[in-house]
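Accompanying notes for the structure given below.
The values are calculated or read from the model by the stated rules, or taken from the named source; none is laboratory data. Fair warning: this is a prediction, and the values are worked out from it, not measured in the lab. Ideal geometry is used to build each Cβ from the backbone, glycine not excepted, and the neighbour counts take in all protein chains shown. All accessible areas refer to the heavy atoms of the entire protein, side chains included, with ligands and DNA or RNA removed. Shrake-Rupley method; radii C 1.70, N 1.55, O 1.52, S 1.80 Å.
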Amino acid sequence: MSSAQAVGPQALPDLQTQVEQIIAEARRQGASACEVAVSMEQGLSTTVRQGEVETVEFNRDQGFGITLYVGQRKGSASTSASGDEAIRETVAAALAIAKHASEDDCAGLADAALMARDMPDMDLFHPWAISPEQAVERALACEAAAFATDTRISNADGTSLSTHQGCRVYGNSHGFIGGYASTRHSLSCVMIAEGEGQMQRDYWYDVSRQGELLADPARIGRLAAERSVARLGARPVPTCEVPVLFAPELATGLFGHFLAAISGGNLYRHSSFLEGALGQRLFPEWLSLDERPHIPRAMGSATFDGDGLATYAKPFVDGGELVSYILGTYSGRKLGLPSTANSGGVHNLFVSHGDEDQQALLRRMGRGLLVTELMGQGLNLVTGDYSRGAAGFWVENGEIQFPVQEVTIAGNLRDMFRQIVAVGSDLELRGNIRTGSVLIERMTVAGS
Amino acid sequence: MNDILGRVGGHLLSPGNLTIEQLPAILGELVGPGIDAADLYFQSQVSESWVLEDGIVKEGSFNLDQGVGVRAQSGEKTGFAYSNAIHAEALGQAARAARSIARAGQQGKVQAFASPVVTALYAQDNPLEVLERAEKVELLKRIDRATRALDPRIKQVTVSLAGVWDQVLVAASDGSLGADIRPLVRFNVGVIVEHNGRRERGGHGGGGRTDYRYFLERDGNGEERAMGYAREALRQALVNLEAMPAPAGTLPVVMGAGWSGVLLHEAVGHGLEGDFNRKGSSAYSGRIGQQVASSLCTIVDDGTLAGRRGSLSLDDEGTPTQCTTLIENGVLKGYMQDKLNARLMGVAPTGNGRRESYSHLPMPRMTNTYMLAGESDPEEIIRSVKKGIYCANLGGGQVDITSGKFVFSTSEAYLIEDGRITAPVKGATLIGNGPEAMSKVSMVGNDLALDSGVGTCGKDGQSVPVGVGQPTLKIDAITVGGTGA
């Protein structure tokens, strides 16, 4: 809330100047190389519950971080303070650490020749001129639609609208400097249903770079309500081995686990069950996973990675085969491979899919479990062993029979990936990973 | 306390030409028409971490974060804004934003400041400064070398050291004025072992509201504490190398003492936080006075334990922490409250108003949550199980407080066969319903232990350090999510 300028593209030149100042200070203090990121963000979040405003929050953050090198030694520091003194002290803190860190052959900036040059505009900045009153109004409309959906909706756990805009500039001592402004707007609704001696909660949400493109508040409210009501009467099923269909919003997590398992950091630490799997057929032949980093307005888009390298479109899995690890400069050096411009992660992952929607996949499954919620962190990335709490619906003859809760699903990710029978056309579009429902041939369901 | 107030006030306010004497006037502007209550939360936090892997200290980082959060309340409504800058102009802007939620109504009042008497639960010195940087680096290297020397099957060792020094000052329109200086340190060791083509990991660590010298002290086995963590990480990794698939189905489960208290944190603790109960969204809502667990269970939340990771002298609203009995002999006694939910429910705050930082709103959160010791000999508890699971160590957990469903994952578990602990089983998720599972607690051990001090609890996107603990206990039936028979 300092009297700084508005957050947006117009702030980028000023942030660039700050990056240059910090790099100059690092050089002055004796760093041989360094990289700096400066960011600022502002936003508004409002939450309503049972027809009343519950919170109105205003966010305004700023800060910078520096990683510097003294030869092959590295130190990092960051702060939310600003001004010349904060710059001097933060650089000094990073330098003091670097002087005590060990020599690391792999440490250092990426090769100067690889720095991104073209920076296409990805159209990520769409500020939403919405007042707190209008935000509250939309959230109230969303919640009202949820209450109107079904008389068994007995309570609400909060409907929130939030809008954020931010800008970030990264630069390093090779002379690379790049930045962008972006926005993120979301509307979420959590409702509680009561009936059949149970109380059940579920939610729905939408998120977009453009506020006007968020799903209609009434639709989000209705879906939240329908999902909560559909859970009433949930019960465990007997322990069994059956096919499992992951709803698309959960299937993203399966591929998220895969991305973690082929990430350089886990590979060089010997912490992944997919160490050494490059070139292996891990998925069915029809499945591919593609990164497309330059899609206008997409949530995961970026022109350069965390090391300043130009991002580019590429497959990680092609014809079911692992064709590339996910590497940044450091992890690449540790593994003796070139960076894939993925320092900081993957930018927009597309999972290939067929033309069957969720109904068609339920029919294909016949008898099994449709999973619509997962709980806990039951994944061992070293072995691929997977065991998580689950809720969803029991399916017989391709039709939903009754809601299920208090069960676990377990398997090993290597088997689960190989046993993907189909990916649906019912795409989850809200995040960084785009996939439809995923049908897995067989998992252990533990229950009553 | 006045000493701390002066010290923290000077540190946080002086650079922006503010004084504690000016705060009532700022609060007075905030508590205009329609605002019932308001508070200011000033914070300055320095933190650092050092990481060793591949035998070298390859990373260190330092962070300084500071700012002030301004909150205004009107009935059930809360307005909130914050600033990285701490001076009068920034405070004024944040205050105008926060009070924009006001409805027309009666004029609120600012009470005269009164600082509660607080027992110091931890030292005030900067815990990061008790060791020189070179000593921190040498400690990590020494533990790495000693760990690698323990077993040839070790493939990778990761050692990390982290410390936080937090200074907070809270001033509220109800007259609360308090300051706290909070140290927090942590040491972790992770080990990857490989044998006969199988690979497994083990991890252990500890810490608390103390300084780095804690890790150099002798533990209960007469070993340097940091090295004790390493030995334990290796032991767990080696056990898991031999593990077979866990069974799938509903079985009796014996939970080990200490860190397994994650069970209580998930199955009971979250469901007893005041906000959920005020809103009626918890499986425990409206059940005060009812039997919600077996009569063997007495569960408390205690923020007053000296030096513990979850402890606080004062919570983040300036309320002194306390030991709150949540469940006594199975009967639900009370909820954990912050000021807002206490006021709306007509009860007293319990010192559980916590926030991740000045840029987050406070809410009811746990401190150190544990079950009191029972009377059974732990070995007798194991002997009582014909076929079941013994959970010696857990990973994380999660709960849906509305349906009461909770999960936790084992990181070290064994089969129990005919009253004896036999083969180790792979990590599995266990799932149950809070009140139901607690009603099936049929034996409670006499061996209460608290965890080693590494717990972090997440709620609504905010992370805070917490503690857990419990004696060995038996749950007669719970669903075990393995893949075996």
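Being away from chain A (no Cβ under 14 Å), under 20 Å from the mean Cα position of the chain (by Cα) and in a helix (DSSP H, G or I) is a description that does not apply to B:Gly228. Which of the residues that make up region A:274-283 are surrounded by fewer than 17 Cβ atoms within 10 Å (Cβ to Cβ) and not basic (Lys, Arg)? Listed by number, the residues that qualify are A:Gly276, A:Leu278, A:Gly279, A:Gln280.
Which ones in region B:54-91 are hydrophobic (A, V, I, L, M, F, W, C) and over 26 Å from B:Asp275 (Cα atoms)?
B:Ile56, B:Val57, B:Phe62, B:Leu64, B:Ala85, B:Ile86, B:Ala88, B:Ala90, B:Leu91, listed by residue number.
Screening A:Gln29 against (1) open to solvent by 20 Å² or more (accessible area, probe 1.4 Å); (2) under 21 Å from A:Ala181 (Cβ atoms) leaves a single unmet condition, (2). Scanning region A:61-81 for residues that are at the interface with chain B (Cβ under 7 Å from one of its Cβ atoms) and either in contact (Cβ under 8 Å) with a residue 40 or more places away in the chain or part of a helix (DSSP H, G or I) (or both) turns up just one, A:Gln62.
Restricting to region A:88-105, count the residues that are buried (at least 20 other Cβ atoms within 10 Å of the Cβ), of a type in the set (A, V, I, L, M, F, W, C) and within 9 Å of another protein chain (Cβ to nearest Cβ). Here the count works out to 5. Residue check: A:Gly436 meets all listed conditions (1) at pLDDT 95 or above; (2) open to solvent by 20 Å² or more (accessible area, probe 1.4 Å); (3) farther than 18 Å from A:Glu321 by Cα; (4) outside any strand (DSSP E or B) but one, namely (2).
Does A:Thr55 count as closer than 30 Å to A:Ser154 by Cα, free of Cβ contacts under 8 Å to residues at least 12 places away in the same chain and either more than 7 Å from chain B (Cβ to nearest Cβ) or surrounded by fewer than 23 Cβ atoms within 10 Å (Cβ to Cβ) (or both)? If you could, list the steps in order and put the result at the bottom.
Numbers: closer than 30 Å to A:Ser154 by Cα: yes; free of Cβ contacts under 8 Å to residues at least 12 places away in the same chain: yes; either more than 7 Å from chain B (Cβ to nearest Cβ) or surrounded by fewer than 23 Cβ atoms within 10 Å (Cβ to Cβ) (or both): yes.
Against the criterion (closer than 30 Å to A:Ser154 by Cα, free of Cβ contacts under 8 Å to residues at least 12 places away in the same chain and either more than 7 Å from chain B (Cβ to nearest Cβ) or surrounded by fewer than 23 Cβ atoms within 10 Å (Cβ to Cβ) (or both)), A:Thr55 qualifies.
Taking the conditions exactly as written (modelled with pLDDT under 90 and more than 7 Å from chain A (Cβ to nearest Cβ)), does B:Lys136 satisfy them or not? In short, no.
Residues B:Glu379, B:Glu412, B:Glu436: which one is more than 30 Å from B:Leu314 (Cβ to Cβ), in a helix (DSSP H, G or I) and within 14 Å of chain A (Cβ to nearest Cβ)?
On the way: B:Glu379 fails: within 14 Å of chain A (Cβ to nearest Cβ); B:Glu412 fails: in a helix (DSSP H, G or I).
Within the list B:Glu379, B:Glu412, B:Glu436, the selection yields B:Glu436.
Does region B:36-53 contain any residue that is surrounded by fewer than 17 Cβ atoms within 10 Å (Cβ to Cβ), within 10 Å of chain A (Cβ to nearest Cβ) and not basic (Lys, Arg)? There is no residue in region B:36-53 that is surrounded by fewer than 17 Cβ atoms within 10 Å (Cβ to Cβ), within 10 Å of chain A (Cβ to nearest Cβ) and not basic (Lys, Arg).
I'm checking my understanding of the structure. Among residues of region A:2-52 that are under 19 Å from A:Ile97 (Cα atoms) and polar (S, T, N, Q), which one is nearest to the other protein chains (Cβ to nearest Cβ)?
Our first condition is that a residue be under 19 Å from A:Ile97 (Cα atoms); within region A:2-52, this holds for A:22-37.
Narrowing the set further to residues that are polar (S, T, N, Q) leaves A:29, A:32.
On the way: A:Gln29: 14, A:Ser32: 17 Å.
Restricting to residues being under 19 Å from A:Ile97 (Cα atoms) and polar (S, T, N, Q), the top hit is A:Gln29.
Being more than 8 Å from chain A (Cβ to nearest Cβ) and either of a type in the set (Phe, Trp, Tyr) or crowded, with 22+ Cβ neighbours inside 10 Å (or both) is the filter here; which residues of region B:415-432 pass it?
Step one: of region B:415-432, the residues more than 8 Å from chain A (Cβ to nearest Cβ) are B:415-425.
Within region B:415-432, B:Ile416, B:Val425 meet the criteria.
Taking the options B:Gly346, B:Gly330, name whichever one is surrounded by fewer than 19 Cβ atoms within 10 Å (Cβ to Cβ) and free of Cβ contacts under 8 Å to residues at least 24 places away in the same chain. Talk me through it step by step, then tell me what you get.
Details: B:Gly330 fails: free of Cβ contacts under 8 Å to residues at least 24 places away in the same chain.
That would be B:Gly346, the only listed residue that is surrounded by fewer than 19 Cβ atoms within 10 Å (Cβ to Cβ) and free of Cβ contacts under 8 Å to residues at least 24 places away in the same chain.
In region A:375-415, the qualifying residues are those that are open to solvent by less than 10 Å² (accessible area, probe 1.4 Å) and away from chain B (no Cβ under 11 Å), and the one that is farthest from A:Ala247 (Cα to Cα) is A:Leu413.
Given the conditions (1) out of contact with any Asp or Glu (no Cβ under 6 Å at 6 or more places or on another chain); (2) touching a residue at least 40 places away in the same chain (Cβ under 8 Å); (3) outside any strand (DSSP E or B), report the number of the one that B:Ser285 does not fulfil. Tallying (1) out of contact with any Asp or Glu (no Cβ under 6 Å at 6 or more places or on another chain); (2) touching a residue at least 40 places away in the same chain (Cβ under 8 Å); (3) outside any strand (DSSP E or B), B:Ser285 fails exactly one: (2). With respect to A:Leu223, determine if the residue is modelled with pLDDT of 95 or more and assigned to a helix (DSSP H, G or I). Yes; evaluated as a whole, the condition is true for this residue.
In region B:270-279, is there at least one residue being modelled with pLDDT of 95 or more, in a loop (DSSP other than H, G, I, E, B) and in contact with an Asp or Glu (Cβ under 9 Å, 6 or more places away or on another chain)? The answer is no; no qualifying residue exists.
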